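Asks: Please find one structure pasted underneath; my questions will follow.
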Amino acid sequence: MLISIIALIAAILAGLFIFAPKAELETSIQIDAPPALVWDILSDVDGHADWNPFLVSMSGQLQEGERLTNVMRPSKGKEMTFRPVVVSVQPERELRWLGRLFLPRLFDGEHTFLLAPQNGGTHFIQKESFRGIGLWFINIEQFRQDFEALNRALKQRAEAARAT
């Protein structure tokens, strides 16, 4: 009887992780500066503290497989430090990392920055694909205004740099 109950609980827990919910948050902005300039600002790991209101600190190497140490200051909630693994670095096109809370599918977030040339400037997309049982307890829309604040700050920084 006890073994049956344990097996049932294990099956339920496994199902929760296997069928964990997914969600995505995406924002974008047009920046009047070329992708090379936007990339230089975005990929300057030490420079985020100077302009970024959301991702206020970043350290580590932007190389695939490397682990970063990032400090996020959301407008709702308290400051958080997380240590994502860099998944993709394509200069002037894409930067992507995967953050994870302890175990896979507990609460995973794959954060992506995309840059594309458009109308003499850069179409910038910031998105995060979330997956995990933590989504039952977190409304990811709470981060939209923080993503948009980062986008606006990057735009302001890049356009000011282009003007000089």
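Asks: Which ones in region 31-72 are in a loop (DSSP other than H, G, I, E, B), farther than 17 Å from PRO91 by Cβ and hydrophobic (A, V, I, L, M, F, W, C)?
Replies: Matches in region 31-72: PHE54 only.
Asks: Against the condition part of a strand (DSSP E or B) and surrounded by 15 or more Cβ atoms within 10 Å (Cβ to Cβ), how does THR112 come out, does it pass?
Replies: Criteria met by THR112.
Asks: When residues of region 79-90 are filtered for being surrounded by fewer than 14 Cβ atoms within 10 Å (Cβ to Cβ), in a loop (DSSP other than H, G, I, E, B) and of a type outside the set (Asp, Glu), how many remain?
Replies: The qualifying residues number 1.
Asks: All but one of (1) at pLDDT below 95; (2) loosely packed, with under 12 Cβ neighbours inside 10 Å; (3) in a helix (DSSP H, G or I) hold for LYS76; which doesn't?
Replies: (3)
Asks: Looking at this structure, is ASP146 assigned to a helix (DSSP H, G or I) and exposed (fewer than 13 other Cβ atoms within 10 Å of the Cβ)?
Replies: So ASP146 does not fit the description; no.
The values are calculated or read from the model by the stated rules, or taken from the named source; none is laboratory data. All of these numbers come straight from a predicted model, not from anything done at the bench. Neighbour counts are summed over all protein chains in view; Cβ atoms, including those assigned to glycine, are modelled from backbone coordinates with ideal geometry.
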